[in-house]
Amino acid sequence: MVRIHPSAVVAPEATLASDCTIGAFSVIGPDVTVGSGTVIGSHTLIEGITEIGERCQIFSHVVLGAAPQIFQDRSEKTRLVISDETVIREFASVHRGSSKGRGTTVLGHRNYIMAYAHIAHDCLLRDDVVVASQAGLAGHVEVEDRVVIGGQAGIHQFVRIGQYAMVGACSAVLQDIPPFLKAQGNRAKCYGLNTVGLRRHGVCQETILRLKQAYRLLFLSNLNTSQALERIASEVSSCPEIEHLMHFIKLSARGIAR
């Protein structure tokens, strides 16, 4: 049976799985869906059209599905989607999408959002992303798989962060961070490969050496970005990681952090 604390306020129209848990003094709106095995802690507010997957853990004082922080916003029918096995810690907030953006804020599978973090409207986080305490993602940010964002980092709107990248604590990120790299600073710059993260996730040494060669051409030569990409294409043996790195950079609208 659904376990709802007597002090919780749950709209009759909300869709709750048969084995989810709602903690004390939490408020669940009428357009909220909660999946099987999900546990929602005390004093949590979930509103708007919000879909929470299975086996998620939502800790106390979290706010999910609130309206975007946009002047004169008219986004009553936009959505927030949180996929399975995501953890959201105390006092974090995730806003739903906006009518002027993609219309949906999306958190993928197994994301870990730490205390006081904020994820704004229309953000897209893929799978296995870690957002550390007090980090803030402005609207329309896109984060690929297995990214780590350090505590108190600030990510500018429309920035993209590539897979396996690591953003250091207290960084101000105004341009795209390419896949597989470490970035740090105000304004954030790239400082080599995230080799520890790559090895932890089973990326072979041969691929890491190819990525190091591509990094040297991109960041340690006198070549501009277009020239570096041409050299990578002609001099670095192709593999899926190299192809993804090049494709990510070619699609960058804000430019990459150099």
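The values are calculated or read from the model by the stated rules, or taken from the named source; none is laboratory data. All values derive from a computational prediction rather than experimental measurement. Don't worry about glycine lacking a Cβ; one is built from the backbone with ideal geometry, like all the others, and counts go over all protein chains shown. To get the accessible areas, we keep the full protein, side chains included, count just its heavy atoms, and leave off ligands, DNA and RNA. Shrake-Rupley method; radii C 1.70, N 1.55, O 1.52, S 1.80 Å.
Looking at the stretch 239-258, which of its residues are farther than 16 Å from Glu142 by Cα, open to solvent by 20 Å² or more (accessible area, probe 1.4 Å) and out of contact with any Phe, Trp or Tyr (no Cβ under 9 Å at 6 or more places or on another chain)?
Pro240, Glu243, listed by residue number.
Hey, can you tell me all the residues within the stretch 210-238 that are surrounded by 15 or more Cβ atoms within 10 Å (Cβ to Cβ) and not in a helix (DSSP H, G or I)?
Residues satisfying the conditions are Leu223, Val236.
Output the residue which, of all residues in the stretch 91-130 that are farther than 22 Å from His43 by Cα and hydrophobic (A, V, I, L, M, F, W, C), is surrounded by the most Cβ atoms within 10 Å (Cβ to Cβ).
Top of the filtered list is Leu125.
Based on this model, can you work out whether His121 counts as of a type outside the set (A, V, I, L, M, F, W, C), over 24 Å from Gly255 (Cα atoms) and not in a strand (DSSP E or B)?
No, not satisfied.
Looking at (1) open to solvent by 30 Å² or more (accessible area, probe 1.4 Å); (2) at pLDDT 95 or above; (3) of a type in the set (A, V, I, L, M, F, W, C), find the lone condition where Met1 falls short.
Status for Met1: all satisfied but (2).
Is it the case that some residue within the stretch 41-60 is open to solvent by 30 Å² or more (accessible area, probe 1.4 Å), of a type outside the set (A, V, I, L, M, F, W, C), over 21 Å from Ala132 (Cα atoms) and free of Cβ contacts under 8 Å to residues at least 24 places away in the same chain?
Yes, the conditions are met somewhere in the stretch 41-60.
Which of the residues belonging to the stretch 112-127 are among the acidic types (Asp, Glu) and touching a Pro at 6+ places or on another chain (Cβ under 8 Å)?
Of everything in the stretch 112-127, just one residue is among the acidic types (Asp, Glu) and touching a Pro at 6+ places or on another chain (Cβ under 8 Å), namely Asp122.
Hey, does the stretch 67-84 have a residue that's in a strand (DSSP E or B) and more than 18 Å from Ile52 (Cβ to Cβ)?
no
Do the conditions hold for Ser133, that is, is it outside any strand (DSSP E or B) and surrounded by 20 or more Cβ atoms within 10 Å (Cβ to Cβ)?
No.
Looking at the stretch 137-149, which of its residues are free of Cβ contacts under 8 Å to residues at least 24 places away in the same chain, in a loop (DSSP other than H, G, I, E, B) and either among the acidic types (Asp, Glu) or surrounded by fewer than 20 Cβ atoms within 10 Å (Cβ to Cβ) (or both)?
Ala138
Test of understanding: among Gly202, Gly197, which residue is assigned to a loop (DSSP other than H, G, I, E, B), over 22 Å from Tyr116 (Cα atoms) and out of contact with any helix residue (DSSP H, G or I) (no Cβ under 9 Å at 6 or more places or on another chain)?
Of the residues listed, the single one that is assigned to a loop (DSSP other than H, G, I, E, B), over 22 Å from Tyr116 (Cα atoms) and out of contact with any helix residue (DSSP H, G or I) (no Cβ under 9 Å at 6 or more places or on another chain) is Gly202.
Over 30 Å from Val39 (Cα atoms) and either open to solvent by 10 Å² or more (accessible area, probe 1.4 Å) or in contact (Cβ under 8 Å) with a residue 24 or more places away in the chain (or both), is that true of Ala172?
Considered against the rule, which asks whether it is over 30 Å from Val39 (Cα atoms) and either open to solvent by 10 Å² or more (accessible area, probe 1.4 Å) or in contact (Cβ under 8 Å) with a residue 24 or more places away in the chain (or both), Ala172 comes out as yes.
Kindly list, by first and then second residue, each pair from a residue in the stretch 222-239 that is over 15 Å from Pro178 (Cα atoms) to a residue that is of a type in the set (A, V, I, L, M), limited to pairs with Cβ atoms under 8 Å and residues at least 6 apart or on different chains.
What qualifies is Leu223/Leu217; Arg231/Leu217; Arg231/Leu223; Ala233/Met246; Glu235/Leu217; Val236/Ala214; Val236/Leu217; Val236/Ile242.
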